[in-house]
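Quick notes on the structure that follows.
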Amino acid sequence: MKFRQHQEQAQAQTFKLFAWFAVLLAGLVLAINGLLALAYKLLMPLSHGYPALFFETNSAVVLLFVLGGCVIETQRLREGGGQRVAHWMHGRLVKDPDDALEKRLLNVVDEMAMASGQTVPHVYVLTREDAINAFVAGWSPEDYTLCVTRGALDRLTRAELQGLVAHEFGHLKEEDLPLAMRLLALVWGLSLVHGYGQTLMSPDDNGHVNPVRWLIGIVFSVVGWMGWGAGRLLQAAVARQREFLADANAIQFTRTRDGLGNVLRKIWFDQKMMAGQMRHPQADMVASLLLHQSKLSRCMATHPRLPERIRRICGAVLGPMPAPLLRLEKAEPRRHPTVAPEGVMLAAATTSPSQAPPLPAPPDDTDCIGRLRRLAGPREKRMAVLALMMSAGNRDEHKLWLRLAEGLTHAQQILDDVQGLSAGRLVPEFERLCKSIAGDPISDRRALVEAARDLLKADGRVSPRDRLWWLALRHHMSDKKNNRPFMRPVTGQGRELADLQEDELAHVIALTAYLARFVPEVEVQGLLAATSRAWYARVMARCAPSRDFKPDGLIPDADALMHALAGVQELSWMIRPVLLRAWVEEALNHSPGGLMSHDTANALRLMASLIDSPMPPALASHYPRD
């Protein structure tokens, strides 16, 4: 009896789906014919009537696109099943993960499968999505696929993750997926033209947008807008009420209201902060499958309103709840090969191993690095860059950073992750983030450079270290690197530092004097350390052996520093690495115990990027190899 009731219910739902589709398709054909007729009269006001087969041709083209798209997508979904939808949404299959959060997800899926009596689906993580969301797709238990966003893994507690997964298993129990997959195919057909335009307009993995593709895409998007609207109406008409039953099943499986209730409250908070939407350009296509999607107006919404769902689950409309990132320790920490020179560097071959002090063990910052490298939003990356540039313990900079990060739901986690990095990771992560941001619009890059300037002078002063970091950021954000010729000039071959011209030497003198303020030791109350003076003298001895240089009176101000840096950047591409090697070698020779400090190594690595020179092996060995 129960099987027959399920069968009759499924048939009724399928009939309702196709009936709505037929009505919307007829309305779409009529609307497009009306718009084309109006456009024809506006363009040809003196014509009488319409060309032969005008309306028939328009109707045939619309039906060809919509019905053809529906048939093709249905066939693709039949062949690929739920995993095709997961791959289309840029999902990654989770199997034997090292990540603690992904292990927790697999455990929760197994628990909910046992509680609901359903088979264990394929599990995918949508690594590019930082919103809290999930969906299931597939035709049969063999290809059922559960997709969970990375934002849900990072920001939900275990009980909340159980509630989210249990909701999706509720759809499996109620056998909602066959209808949902048919609905997806029909929506795809209605939205085919608009969806193709959105794909052309979307940025690539590096955040770049092709102008020609964008212009073509906007034409397709405008033309297909009515089909997109029809697809949304079809989803709203069919899918909306299934969520209440899935919510009830989730409470039954988990035996608690708080799990799913808190998930919905966190989604509500994200939406109020304008941060809860899926990033995929065609996420609206699968809107009916998602846990919640509220970007659309109420009449086109695919899900009941969040306050109503929360009221039914919790018994009252509880307010939005913030969703900070979680800190989760791994059950079995990953073991990496030991990198002996992490954080310190042996001075030279003349220093014997017995004379060198023991190497400190680097902190385990694997989790911090993993979360920073999963940052996808432009604002998240910019705030991480600013956090990397801050001075440790500077309260004024910390306060301004928090003010700049207002509205970012997991700002504190980003700051904690940056502060949890080992000193040898700071500059490599800074360079990686800058490289990923370098393709952003020039206005965004300029705003980042200005924000960094304000941040570094928040305490009323700009230290030599601060200015170096700011210059490195400005260099990474500039367009100069993209305009360099492929072939480098070959002038200066065979030259050494002692062969520098007088004007070239003046630039090196000024820039080296500036570095002496914090290499290899930081100045105290404007007075250079004795080791820094010795370092400066030895570097200058390589440049002009017959002359005796002292840094007094040669330290440049801000304008002179920019002039000196520009002059060194114009040196031959073969001379600049020689100069950098001299800085590094003399820093090693004048560092206590022959070991270069983190601050010194980071300063010299920043200088390497500023003068576009590869790092010498002695400097590169200071940093771990990823």
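From the alpha carbon centroid of region 99-168 to that of region 38-52 is 56 Å. A simple packing score, the average count of other Cβ atoms within 10 Å per residue, orders the peptides 461-471, 89-99 as 461-471, 89-99, with the highest score first. Extending 7 Å from the Cα toward the beta-carbon at both ASP96 and GLU111 defines two label points whose distance is 2.5 nm. Ordering 417-426, 143-152, 540-549 by mean Cβ neighbour count within 10 Å, with the highest value first, yields 143-152, 417-426, 540-549.
In the frame of its principal axes, region 540-626 has Cα extents of 38, 27, 25 Å, reported largest first. Counting only protein chain heavy atoms and rolling a 1.4 Å probe, the accessible areas of LEU63, LEU610 rank, largest first, as LEU63, LEU610. Computed over region 30-90, the percent of Cα pairs more than 17 Å apart is 58. Taking label points 7 Å from Cα along the Cα-to-Cβ direction, ALA248 and ALA22 give a separation of 3.1 nm. Scaling against 2.2 N^0.38 Å puts the C-alpha radius of gyration of region 100-156 at 1.11.
The values are calculated or read from the model by the stated rules, or taken from the named source; none is laboratory data. Quantities reported herein were computed from a predicted structural model and do not represent experimental measurements. Heads up, the Cβs are rebuilt from the backbone with ideal geometry, glycines too, and the neighbour counts pull from every protein chain shown. What goes into the accessible areas is simple: the full protein's heavy atoms, side chains included, and nothing from ligands, DNA or RNA. Shrake-Rupley method; radii C 1.70, N 1.55, O 1.52, S 1.80 Å.
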